[in-house]
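**Q** Please see the structure below; I have some questions.
Coordinate-derived values only; no laboratory data. Since the structure is predicted, the reported quantities are computational estimates derived from the model, not experimental observations. Here the Cβ positions follow ideal geometry from the backbone for every residue, glycine too, while neighbour counts run over all protein chains shown.
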Amino acid sequence: MTVNPPLPWALAAEDLRVVRHKNEILKSISFSVKRGELVGLLGPSGSGKSTLMRSILGVQAITGGTIRVLGQRAGAPFLRNRIGYMAQSSAVYLDLTIEENLLYFAGVLELPSSEVIRVVDQVELAALANRIVSSLSGGEQIRVSLAIALLGSPPVLVLDEPTVGLDPLLRRDLWRTFEDLADRGTTVVVSSHVLDEAARCGRLLLLRNGELLFDTTPRELLSATGAATYDEAFIRLIEGA
Ligand SMILES: Nc1ncnc2c1ncn2[C@@H]1O[C@H](COP(=O)(O)OP(=O)(O)OP(=O)(O)O)[C@@H](O)[C@H]1O
Ligand SMILES: [Mg+2]
């Protein structure tokens, strides 16, 4: 009798290639991510971070290779309610309140309204639940987007530059939230330009020009580059030492 071992990987990409208009956007990328890992996806603008995230979601046409999520092909119906996504541009209705936005998205996902209360608490927006989103600060609006991604407690979260434009305290708080989620078993992939804040991740994937330049820990990145700070390490790597 053969016993199937439990699937260890939350994400597994093998020779993933994406070509658009004859440009190779992702060049044969391979990596795997364990369940409950917090992974920082780093790289300069245009390096392919959002394209890789769309590939994980299954909404990006793939030219070659494979990408699997929770053991299934990316985009499979099984994954529909199992990946929480926060896009780089806001997908929130500005003319609705926080609560109305969340009730709408909970309805799409066929979740009970108790789920709305839970996620509003989780991102600490309960006091503002009846405010129109357009009246919120940038940081508050980002937390609304995060709350939408958290609806239904998906086992995988894909967050595209969730901390951009936020002050250092808010960035730290958000990274703590990501760490908490990962500690409780959620697989969290967060893209960022800022290596310094992503150094909180156990694991860093560094993209440059569509290539996976580094798959490493923050500490190894410092020793590999001989840099004193994460910012310096990032610049040395990207400038192509
Ligand atoms: N619809 C498209 N058609 C052709 N090329 C595209 C398209 N969308 C993105 N690209 C190109 O793919 C490359 C990677 O883009 P992508 O958005 O994945 O980068 P990114 O790392 O997320 O950048 P940023 O940090 O600015 O968000 C860029 O060169 C971009 O111009
Ligand atoms: Mg992007």
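**Q** Could I have the simple spin-label model distance between Gln88 and Glu100, label points 7 Å from Cα toward Cβ, reported in nm to one decimal?
**A** My value for the distance between the label points is 3.0 nm.
**Q** Run lengths n ≥ 4 of DSSP H only: what is the helix-derived mean residue ellipticity at 222 nm for the chain, with -39500 (n - 2.57) per run over all residues, to the nearest 500?
**A** Roughly -9500 deg cm²/dmol at 222 nm, from the helical runs in the chain.
**Q** Evaluate E = 1/(1 + (r/R0)^6) for Glu124 and Ser223, where r is the Cβ-Cβ distance and R0 equals 35 Å; express this FRET efficiency to the nearest 0.05.
**A** 0.40
**Q** Continuing with the same structure: So for the chain, Kirkwood radius off the Cα pairs, Stokes-Einstein at 10 °C and 1.306 mPa s: how many µm² s⁻¹? Intermediate results must be reported in sequence, preceding the final value.
**A** Numbers: Rh = 18.6 Å.
Estimated diffusion coefficient is 85 µm²/s.
**Q** A further question on this structure: What angle do you read, to the nearest 10 degrees and between 0 and 90, between the alpha-carbon axis of helix 168-183 and the longest principal axis of the chain?
**A** The answer is roughly 80 degrees.
**Q** While we're on this one: Dividing the alpha-carbon radius of gyration of segment 1-74 by 2.2 N^0.38 Å (N being the number of residues), what value is obtained?
**A** For segment 1-74, the normalised Cα radius of gyration is 1.20.
**Q** About its Cα centre, what dipole magnitude does the chain give when the only charges are +1 on Lys and Arg Cβ and -1 on Asp and Glu Cβ, stated in debye to the nearest 20? Could the numbers behind the result be given before it?
**A** Values: 24 positive and 27 negative charges, 157 e Å.
Dipole magnitude for the chain comes out near 760 debye.
**Q** Something else about it: Can you give the angle from 0 to 90° between the axis of helix 98-108 and the longest principal axis of the chain, with both taken from C-alpha atoms, to the nearest 10?
**A** 70
**Q** Further, regarding this structure: If you place +1 on the Cβ of every Lys and Arg, -1 on the Cβ of every Asp and Glu, and leave all else neutral, what size is the dipole of segment 136-189 about its Cα centre, to the nearest 20 Debye?
**A** So the magnitude is around 80 debye.
**Q** Let a ≥ b ≥ c be the square roots of the eigenvalues of the Cα gyration tensor of segment 3-122; is it rounded (a/c under 1.5), or, if not, prolate (a/b larger than b/c) or oblate?
**A** Taking the square roots of the gyration eigenvalues as a ≥ b ≥ c, segment 3-122 is oblate.
**Q** What list of whole percents do you get for P(r) of segment 146-241, with Cα-Cα distances grouped in 5 Å bins up to the one holding the largest distance?
**A** For segment 146-241, the pair-distance distribution reads 2, 12, 23, 23, 18, 14, 6, 2, 0.
**Q** One-quarter of the Cα convex hull surface for segment 66-106, in nm²?
**A** Seen from a random direction, the Cα hull of segment 66-106 projects 3.9 nm² on average.
**Q** Excluding Leu94 itself, what net charge comes from residues whose Cβ is under 14 Å from its Cβ, given Lys and Arg +1 and Asp and Glu -1? Intermediate values should be presented prior to the final figure.
**A** Details: positive: Arg131; negative: Asp95, Glu100, Glu140.
Combined, the nearby Lys, Arg, Asp and Glu give -2.
**Q** Give or take rounding to whole Å, what are the principal axis extents of the alpha carbon atoms in segment 88-173, in descending order?
**A** Cα spread of segment 88-173 along its principal axes, largest to smallest: 35, 29, 21 Å.
**Q** Kindly give the semi-axes, whole Å and largest first, of the ellipsoid equivalent to segment 192-241, taking each as the square root of 5 times a Cα gyration tensor eigenvalue.
**A** 14, 13, 10
**Q** Determine the shape class of segment 80-127: with a ≥ b ≥ c the square roots of the Cα gyration tensor eigenvalues, call it rounded for a/c under 1.5, and otherwise prolate if a/b is greater than b/c, oblate otherwise.
**A** Details: a/c = 1.34, a/b = 1.05, b/c = 1.28.
Cα axes put segment 80-127 in the rounded bin.
**Q** Please compute the length gained on full extension between Ser113 and Arg73, using 0.36 nm multiplied by the number of residues separating them and subtracting their Cα-Cα distance.
**A** Once the chain is fully extended between Ser113 and Arg73, it gains 11.4 nm.
**Q** So for segment 9-136, averaging the separation of alpha carbon pairs under 8 Å that are six or more residues apart and normalising by length, what relative contact order in percent results? The partial results should precede the final answer.
**A** Numbers: 163 pairs, mean separation 27.4, N = 128.
Here the relative contact order equals 21 percent.
**Q** What is the Cα centroid distance between segment 136-178 and segment 69-133, reported in whole angstrom?
**A** 12
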